[in-house]
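For reference, the structure discussed in these notes is given below.
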Amino acid sequence: TAFLVTRAYSYIGASARINLWSPFVEAHDEYTTAQIWLLNGPRFAFESVESGWTVNPAIYGDKSSRFFVYWSADGSQKTGCFDLMCHGFVQTNHEIALGGKLNPISWERGGQYHLPISIHLDTNTSAWWLASGKTFVGYWPGDLFYALHDSASLVQFGGEVFSPLLEKLNAHHTATAMGSGNFAIGRFGHAAFINHVRITDYSKVERYPEWVYAYMDEPYCYSALNHVEYIKEPQFYFGGPGRNRLCP
């Protein structure tokens with residue numbers, strides 16, 4: 001994983017624009033995402049609502065970038081799923097297809113495209129509502145959750161790669177890429193980015209987080225860089241190629 005994280009007691013919303021790419025996925029049982037997570041609860045059984053884009057051949061049958069939603073009430077141990085593959089997310093607008101193929105895709109040194117994502121809590125019903133741009137897509141009902149019932153304590157913006165290889169001792173690293181497949185240091189036009197990062201708490205004021213941290217658990221495989229100096233709007237860059245000379 002490589003993400004921008006902010007932690008507090010009472011987040012009730014988050015939004016951002018996620019740069020759209022179509023990174024390489026090596027094996028059928030692997031996937032890569034670029035997304036927003038809102039989380040609460042214990043570390044190894046956290047509750048989450050998530051959305052963004054993914055390349056996930058096992059679920060969607062191809063290697064296209066697709067819009068997704070995801071949730072879990074126990075750190076993905078026994079509950080949760082993508083899209084509508086289990087009871088959970090309630091779709092209210094069918095103009096935006098869950099699992100729908102996303103176009104156009106950004107290209108290096110060329111056009112840069114993005115997916116706007118917004119997730120906010122209805123404090124009257126405890127439902128978490130998902131919107132893309134100004135279009136409400138649906139919601140996660142409050143009764144799915146305990147810790148997330150009133151707020152999130154953690155918000156993350158960034159990317160994740162899943163591979164069974166990462167859980168095997170002495171296995172070589174997957175070559176599944178994150179973001180554009182380039183490291184964050186490449187910046188605009190090369191590396192994937194997330195911008196217009198905003199959070200909302202019970203003050204109901206949407207703002208850039210007061211405290212953020214760029215986290216990466218495999219910096220030689222996938223990196224993270226939050227660019228805040230000398231620019232009006234911070235840009236968070238993330239991604240990488242996976243297996244390489246420094247990430248064997």
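Key figures
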| quantity | calculated |
| --- | --- |
| 101, 168 arranged by Cβ crowding within 10 Å, fewest neighbours leading | 168, 101 |
| Highest to lowest packing among 214-226, 125-137, scored as the average C-beta count within 10 Å | 214-226, 125-137 |
| Burial ordering of 172, 149, fewest other beta-carbon atoms within 10 Å first | 172, 149 |
| Projected label distance in nm at residue 9 and residue 125, using a 7 Å step from Cα toward the beta-carbon | 2.8 nm |
| The chain - mean residue ellipticity at 222 nm from DSSP helices (-39,500 (n - 2.57) per run, n ≥ 4, rounded to 500) | 0 deg cm²/dmol |
| The stretch 2-239, relative contact order [Cα under 8 Å, separation at least 6], % | 30 percent |
| Net lengthening on full extension, residue 143/residue 27 (0.36 nm per residue, minus Cα-Cα) | 38.2 nm |
| Net length gained if the chain between residue 150 and residue 108 were fully extended (0.36 nm per residue, minus Cα distance) | 11.0 nm |
| Projected label distance in nm at residue 203 and residue 233, using a 7 Å step from Cα toward the beta-carbon | 2.1 nm |
| Net charge dipole size for the chain [Lys, Arg +1 and Asp, Glu -1 on Cβ; Debye, nearest 20] | 560 debye |
| Candidates 20, 148, 165, ranked by Gaussian network fluctuation over the chain, Cα under 10 Å, top entry | 165 |
| Fewest-first ranking of 167, 30, 108, using other Cβ atoms within 10 Å as the exposure measure | 167, 108, 30 |
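Rule-based calculations on the coordinates, nothing more; no lab input. Being a predicted model, the structure only gives us computed values, none of them experimental. All Cβ positions, glycine included, derive from the backbone under ideal geometry; neighbour counts span all protein chains shown.
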